Amino acid sequence: MQCHFPFNSSRRLMFGAATLIALIYGLCSVVAGRAVASGARNEVFARGGGTTLIQGGTGAGGGFTPVLTTVTFHAERTGGSVTGAFDCLARAPAATSGPGSAQFTVNAMYVAGEITGATVQGEVATLTGTANVTGLGAGTDVPFNFAVRDGGPGATAVLTVSGLQFSEVLVEGSFEVPGHQDSRRH
């Protein structure tokens, strides 16, 4: 007497492979669920970049010379700490270019920093850390504060560094505060 199984060998192999895939998928889901539950996933506080115009330029003392900046930043929670980077290059027209020049060739200030703190309130993220600064307000390991409002052109930001404060308006680019729909403090 001969026994016949309802599955031939290729069907048994396919059934075994499907079972193995289901087990692996289930295991991955459990591991991923534990990572999310333990807070191991990254949470973005703020990111963005673009060109800004400093409101009031150099101010009355500098003859109201316009100042453009190129800014880029990102801040996120990785594990239990805030990490990120901040860069801002401020350029002004050379004095020899004459009043009203649109050639922003003078490096007025460069701030290159590491973000170590972040808070989010509404659509504003405040990023803090230390930076190396060249030009105006030069120094190393200088504390800075960058408060940025979510949005595209017209969005605002305020950089405070080396005892100086710069109010900026985004001309092109984008500032993102992804969690701003639910106000929270970190």
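Within the stretch 132-153, residues that are within 10 Å of V111 (Cα to Cα) have Cβ atoms under 9 Å from residues that are surrounded by fewer than 17 Cβ atoms within 10 Å (Cβ to Cβ) and among the acidic types (D, E) in these pairs: N132/D141, counting only partners at least 6 apart in sequence or on another chain.
In this structure, R185 does satisfy being modelled with pLDDT under 95 and either within 14 Å of F73 (Cβ to Cβ) or not assigned by TED's automatic domain parsing to the domain that holds T65 (or both). Contact map, the stretch 49-72: first residue at positive phi, second residue assigned to a strand (DSSP E or B) and modelled with pLDDT under 95, Cβ cut-off under 8 Å, separation 6 or more or different chains; pairs are G57/A92. Counting the residues of the stretch 135-154 that are over 17 Å from the mean Cα position of the chain (by Cα), of a type in the set (A, V, I, L, M) and at pLDDT 95 or above gives 2. For the condition surrounded by 13 or more Cβ atoms within 10 Å (Cβ to Cβ) and either among the hydroxyl-bearing types (S, T, Y) or not assigned by TED's automatic domain parsing to the domain that holds Q55 (or both), T119 qualifies.
Kindly establish whether A157 is assigned to a strand (DSSP E or B) and either modelled with pLDDT of 95 or more or aliphatic (A, V, I, L, M) (or both). When the stated conditions are applied, A157 passes them. Filtered by the rule that a residue be within 17 Å of the chain's Cα centre (by Cα) and in a loop (DSSP other than H, G, I, E, B), the stretch 48-79 gives a lone residue, G79.
The values are calculated or read from the model by the stated rules, or taken from the named source; none is laboratory data. The structure displayed is predicted, hence computed values, not measured ones. In this analysis, Cβ positions are derived from the backbone assuming ideal geometry, glycine residues included, and neighbour counts consider all displayed protein chains.
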